[in-house]
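Each reported figure results from applying straightforward, stated rules to the coordinates on display, with no laboratory input. Source: prediction; values computed, not measured. FYI the Cβ positions are ideal-geometry reconstructions off the backbone, even for glycines, and counts take in every protein chain you see.
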Amino acid sequence: MTRSFLGMPATAPPGVGHLRGTEPFPAAARRALSDAQLRRNLGHATATIRGRSAAVIGEVPDWPGLRAAGRAIKTDTMARLPELLEQLEAAVTAAGGTVHWAADAVQANRIVTDLVRATGADRVMKVKSMVTQEIGLNEALEAAGIEPVETDLAELIVQLGDDRPSHILVPAIHRNRSEIREIFLRAMPGVDRALTDEPAALAAAARRHLRQTFLSTRVAVSGANFAVAETGTLAVVESEGNGRMCLTLPETLITVMGIEKVIPTWRDLEVFLQLLPRASTGERMNPYTSMWTGVTPGDGPQAFHLVLLDNGRSAVLADPVGRQALHCIRCSACLNVCPVYERTGGHAYGSVYPGPIGAVLSPQLTGVADNASLPYASSLCGACYDACPVMIDIPSILVHLRGQAPHPRAEATAMAAAAYTMDHPALYAAAQRAVRLGRLAGRRGRGLPPPLSGWTASRDLPEPPRQTFRQWWAER
Amino acid sequence: MMRVALFVTCLADTLFPQAAIATVRLLERLGHEVVFPEGQTCCGQMHVNTGYPGDALRLVRRHVRVFAPYDVVVAPSGSCVGSVRHQHATVARGAGDERLAGRAEDVAARTYELSEFLVDVLGVTDVGAYYPHRVTYHPTCHSLRMLRVGDRPLRLLRAVRGLDLVELPQAEQCCGFGGTFAVKNADTSTAMLADKMRHVLATRADVCTAGDASCLMHIGGGLSRLRAGVRTVHLAEILASTEAGPADAPAPTTGGTR
Amino acid sequence: MSAREVILGRLRAALGGPVPAPAEVARDYRGPGSAVVDLDLFVERLTDYRATVHRCADADVAGTVDAVLGGRRVVVPPGLPRHWLPDSVTAVPDDDLGVDVVAAADGVVTGAAVAVAETGTIVLDAAADQGRRLITLLPDVHVCVLRADQVVATVPDALARVGPYRPLTWISGPSATSDIELSRVEGVHGPRNLHVVLVAAESGTPVDRELEAQG
């Protein structure tokens, strides 16, 4: 069967959106590691949020039960995804909304662009959304002559700084207060030149900057945290009130959501509304959560469009092991506990989805070959699995995807030879002796041939022992 | 008295026999019989974690065949026991060998990491050891998160006479080894190691111990390069040490080559 | 073939096999009705997230509002109990006010649908005593009046009391951001001041909720 057969699960197309990096993870990580300021910013931020999250999770006695329920609901959702999407579509439509289906980023960008054009608007305001970053919506809108205005503070910092987001929850986590002040002074029109780097002052500057935009923009684009199939209700979880502005003030609201965001029932919200804020911002509840069902006469946007996006998700669903990556509720707890993310930051992952969840999601959305280094961007320490509020077994998916990654030929040959040797005890014993001989034969220094030289560049190899264990055992 | 099959692990067998020898001496001192199934080689974890489950399959098959006859299997490694428990059956199933998967699960259910075996199966925390040194303990990721050994190693260490146990700051952070991670992502691994070493040095301990020779090789290799004077010693060696038969005090488990 | 058919076809191919029945999800957590309401905890949690809490009898609500908003222009939803408003405020009834008028007001006074003690959250469901969503968004001061019996213990309790067919706004403290070095700053785009007036259940007359039921 060919890829062009329409009914087959398909990966996200290349050339659009931000799921593929331009270089392998180790190369990008090396550059990040050499940036001392970045390391400090990330270390400070992740340590802060880890502490805060642990404190509020410790307050709820039934956290393990909530996690297990979260996983069970998501597992059930994926097993019935097509039916739940049809149910969602019917409920949204009945409540006055319009549902659109986008097989990939290109289609989604075209749908949104056409909807905006139809309103005659040349500017849209945006609530922070991972999925619109994934599909490169801002670039598509700009190409169509429509100005997208990011309204989340961190996204605004990223947009004004002509930068890329580096964290799911806090896209500007790699910037500290003085860097943010400089970006505002440079790129925020009409900013008070006496602006200090106090976070409260920076937030106030963003409030002033965006106020008129909120009051005068007629179209908004959002993502969605949850969509309830049973009722057609959408939910957006946020902190600053920019989400409420975008969801309430414009005439037209366009919500783009990945198809995996659907949940079966209204009651299921009671699980996720507890899991998400505690795991993500480390709050008992985020300042604002908005829920709406279609259109409410006299209150809020009178035109509501929901765009359901595949863009590789069907391919993820097709893998019974990797499928659970679709359970992700984008809390970013796995980033905050990951020792690799903490040191390299988000840009090293190339994709808009960084950290451990990105390392399992991006390669599946694009096909492993297009993000082949990401499944290896982990020491498999398991901290992500422990932190995940919906119990995604990220280490197991990483190992699973490594099995699908294209391997360097020399490595594959060496691994096959090693397995063969280790399956023959006599050869294995001979190889053990060769380790010692090899070391005695003159490699006294720190050197090993590549790629092992990467390890010995900063560590000493142990002195081979006088005898192996099995020699000792044989002689005792 | 129990009859214990030693799962030595290829790393301890080849590079850190003193950890394996200590395991044998400790278990024998506690009155148990240790046997060494000589057909064992490697559990295949490196192959699985590097993306070669097909190559790992033959090693899983060998491991299961070699250890199936024994009631109790003990290894001085959280990582290798983790692989036996959490990967072997998966590898077998991935290859469509349901029968091997079932046998692998049987073997896994009888396989213990050393501290688990001592505390849970034998019910001892005071093994009669004597080790007059200042020691800090690094909980390796797989013993911590795959096996959930919890505070078992610390309870064993607290009962060692003469031992001054000092807490390791941010102990639960990975040391950066991760098998081939240390090779494929050497720079990131080195950055993680640097932080781990900084915390170890902050304890002013003479000895850093752990339940995995692999992580100790990594930490010890870094400390050796720094000429930091801190030695890495496997938990089994500390527990095997007695007043009558002390561990070779100056001989580090790892490091020292230059 | 439409994109809809393409996607649904792909998903069905990915899953294979027949459609399973909805799974029975084990809910081993505190569901609706399983926890006791603790009003002191509610006040503590509100205060922790920088909301200002006033506890008083129903007859004293107007006095409390006077202390916060006296002399200012205040947007009033259509179903707000009149006795909550002091004479000292300039009431601006929301009869489809323009955005600029609402934005120019100093504050807003509303009731609420339900509140969650454990998280310090108030939930608005756009009933007549709460009004359109935008009136609690644009003014810089939001005074929200709650009866003690509207406070429930947990999030599941609250969800069981509200429904999907009116827009909901869950509010936990003033607007805030943690986007700068993860340090929490109160006051971004939403109201920078949130006052919660908690009316003791045992004192004063029960508030007339008829209007809310109509909404």
Can you say what percent of the DSSP beta bridges in the protein assembly as shown, counting only those with both residues inside, are antiparallel? Round to 5. 25 percent
If I model a spin label as a point 7 Å beyond the Cα along the Cα-Cβ vector, how far apart are those points for B:GLU167 and B:ARG99 in nm? 5.3 nm
Take peptides C:92-103, A:115-126, A:310-321 and line them up by average Cβ neighbours within 10 Å, highest first, as a rough protection proxy. A:310-321, A:115-126, C:92-103
Rounded to the nearest 20 debye, what is the charge dipole size of the protein assembly as shown about its Cα centre when +1 sits on each Lys and Arg Cβ and -1 on each Asp and Glu Cβ? 3860 debye
Per residue, the convex hull enclosing the alpha carbons of the range C:35-214 has a volume in Å³ of 118 Å³
Which of the peptides A:430-436, B:238-244 is most tightly packed, and how do the rest follow, judged by the mean count of other Cβ atoms within 10 Å per residue? B:238-244, A:430-436
Please give the FRET efficiency for A:GLU251 paired with C:SER183, using the beta carbon to beta carbon distance and R0 = 51 Å, rounded to the nearest 0.05. 0.90
What is the mean number of Cβ atoms from other protein chains located within 10 Å of the Cβ atom of each residue in peptide B:192-199, rounded to a whole number? 2
What fraction of the DSSP beta bridges in the range A:82-313 is antiparallel, stated in percent and rounded to the nearest 5? 30 percent
I need to check one value: relative contact order of chain A, counting alpha carbon pairs closer than 8 Å and at least 6 residues apart, in percent. 22 percent
Which of C:GLU186, A:GLU230 has the fewest other C-beta atoms within 10 Å, and how do the rest follow up to the most? A:GLU230, C:GLU186
Sort A:TRP266, C:TRP84 so the one with the fewest other Cβ atoms within 10 Å of its own Cβ comes first. A:TRP266, C:TRP84
Using 20 Å as the cut-off for backbone N distance, which residues of the range A:65-82 belong to the label zone defined by a point 7 Å from the Cα of C:ASP48 along Cα→Cβ? A:65-67
Have a look at A:ALA172, A:PRO425, A:MET415 and report the one farthest towards the positive end of the charge dipole of chain A, computed about the Cα centre with Cβ charges (Lys/Arg +1, Asp/Glu -1). A:PRO425
Could you please report the charge total around B:HIS63, scoring K, R as +1 and D, E as -1 over all other residues with beta-carbon less than 11 angstrom from its beta-carbon? +4
Ordering of A:269-281, C:159-171, A:26-38 by packing [mean C-beta count within 10 Å, highest first]: A:269-281, C:159-171, A:26-38
If B:PHE177, A:PHE25 are placed from fewest to most neighbouring beta carbons inside 10 Å, the sequence is A:PHE25, B:PHE177
Each label sits 7 Å from Cα toward the beta-carbon; between A:ALA94 and A:TYR420 the label points are separated, in nm, by 6.5 nm
Share antiparallel - DSSP beta bridges, the range C:35-214, percent rounded to 5: 25 percent
Magnitude of the charge dipole, the range A:274-355, Cβ model with Lys/Arg +1 and Asp/Glu -1, debye to 20: 180 debye
So what is Rg over Rh here for the protein assembly as shown, counting just Cα atoms and using Kirkwood for Rh? 1.02
Highest GNM mean-square fluctuation among C:ALA112, C:ALA21, C:ALA158, for chain C with Cα springs under 10 Å, belongs to C:ALA21
Determine the gain in length on full extension of the stretch B:ARG65-B:LEU30; use 0.36 nm per residue of separation and subtract their C-alpha separation, reporting nm with one decimal. 9.8 nm
Running Debye on the range B:134-240 with equal point scatterers at the Cα sites and no solvent, what base-10 log of I(q)/I(0) appears at q = 0.13, 0.23 Å⁻¹? -0.42, -1.34
Just counting partner chain Cβ atoms within 10 Å, what average do the residues of peptide B:21-33 show around their Cβ? 1
What is the ratio of the Cα radius of gyration of the range A:298-379 to 2.2 N^0.38 Å, with N the residue count, to two decimals? 1.31
Other protein chain Cβ atoms within 10 Å, averaged over every residue that makes up A:61-72: 4
At a Förster distance of 30 Å, what's the computed FRET efficiency of B:ASP106 paired with B:ARG158, Cβ-Cβ distance as r, to 0.05? 0.30
In the range A:184-303, taking the dipole from +1 charges on Lys and Arg beta carbons and -1 charges on Asp and Glu beta carbons about the Cα centre, the listed residue (A:HIS209, A:ILE254, A:GLY190) farthest towards the positive end is A:GLY190
